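Asks: Handing you this structure, nothing more for now.
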Amino acid sequence: MNPPPSGSLKARVLSDARDALAGNGYVKLLRHRWGRVLAAALAVAAAATGLAGGFDRVEKPTGIAALEPQPAGAAVDAGLYDVTVHSAWRSHRPSQKLDYVDPDSDMLYVAATVTWLDRRSMPPAGKLGQDLVWLAGEAGAPGDPRMATSVERVGGAQLTLQPGMPTQAVLSWRLSPRDPPVPALLRVAVMGYTFSPSTWLTQKEGWVRAAPAGLWEIAVEDRRPGELTAVEAGR
């Protein structure tokens with residue numbers, strides 16, 4: 001007795017394979033010799049892939065690398081803060097409080113609007129300077145977080161954040177020749193916070209510092225040449 005034509009056998013196997021994939025009927029597929037051969041080949045391939053290190057996975061970026069750079073004027077919700085970074089500039093003025101120019105003083109200033117979002121607590125002094133930082137280095141590099149030398153209100157008054165009230169803040173960094181050069185496009189990042197509620201185990205709730213929540217890339221205005229020109233003109 002002659003076996004059935006190979007073409008008809010192939011057709012039945014392919015039909016059963018389609019039915020198996022559509023209805024999860026793998027038992028039906030394995031009834032045929034060709035189906036068993038196909039399943040064995042797939043198993044061998046999977047085992048070889050596992051021995052070679054597993055299937056490739058797309059690694060998602062984390063930290064600063066996961067953030068989309070925002071332009072000046074963009075607002076970021078960082079959990080404890082709502083922050084909008086407006087501008088950055090270089091200056092020979094050693095402080096907003098001092099109305100004179102010191103050619104030996106090199107300062108970096110960043111202006112931002114900051115709102116403390118937790119209405120149940122008062123922000124501790126100096127916290128913003130720890131959470132809103134300059135990422136020293138060129139764009140694309142990991143960045144070296146630099147905390148501000150000083151954090152003030154616009155005009156130089158002491159910065160005090162009030163819950164729910166937008167406050168105009170100016171952060172400053174006193175630069176030295178040992179510091180990395182300030183690029184034309186400055187990167188500023190703010191840390192994010194998440195609220196951890198109390199449970200029957202912890203009996204404590206509070207804000208937990210998490211991953212960076214926002215990244216800005218803003219142009220830096222160099223006011224130093226104009227400041228020196230004004231000093232020379234006033235002599």
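Asks: Restricting attention to the range 171-193, which residues are open to solvent by 30 Å² or more (accessible area, probe 1.4 Å), more than 15 Å from ALA78 (Cα to Cα) and in a strand (DSSP E or B)?
Replies: Listed by number, the residues that qualify are ARG174, LEU185.
Asks: Turning to a different aspect of this structure: Look at the range 194-221 and say how many of its residues are open to solvent by 20 Å² or more (accessible area, probe 1.4 Å) and either within 19 Å of PRO69 (Cβ to Cβ) or in contact (Cβ under 8 Å) with a residue 12 or more places away in the chain (or both).
Replies: 14
Residues checked against (1) closer than 21 Å to PRO166 by Cβ; (2) open to solvent by 10 Å² or more (accessible area, probe 1.4 Å); (3) at pLDDT 90 or above; (4) of a type outside the set (D, E, K, R):
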| position | (1), (2), (3), (4) |
| --- | --- |
| LYS97 | no, yes, no, no |
| TYR100 | no, yes, no, yes |
| ALA112 | yes, no, yes, yes |
| THR115 | yes, yes, yes, yes |
| LYS127 | yes, yes, no, no |
| ASP131 | yes, no, yes, no |
| PRO145 | no, yes, yes, yes |
| ALA148 | yes, yes, yes, yes |
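Asks: Across the range 140-170, what is the total count of residues that are under 20 Å from the mean Cα position of the chain (by Cα) and in a strand (DSSP E or B)?
Replies: 3
Asks: Still on this structure, please answer the following. Which pairs have Cβ atoms under 6 Å, sit 6 or more apart or on different chains, and link a residue in the range 138-149 that is farther than 17 Å from ARG178 by Cβ to one that is open to solvent by less than 80 Å² (accessible area, probe 1.4 Å) and part of a loop (DSSP other than H, G, I, E, B)?
Replies: Qualifying pairs under 6 Å: GLU138/PRO183; GLY143/GLY137.
The values are calculated or read from the model by the stated rules, or taken from the named source; none is laboratory data. Being a predicted model, the structure only gives us computed values, none of them experimental. Positions of Cβ are backbone-derived with ideal geometry, glycine not excepted, and every protein chain shown enters the neighbour counts. These accessible areas exclude ligands, DNA and RNA; they are computed on the full protein's heavy atoms, side chains included. Shrake-Rupley method; radii C 1.70, N 1.55, O 1.52, S 1.80 Å.
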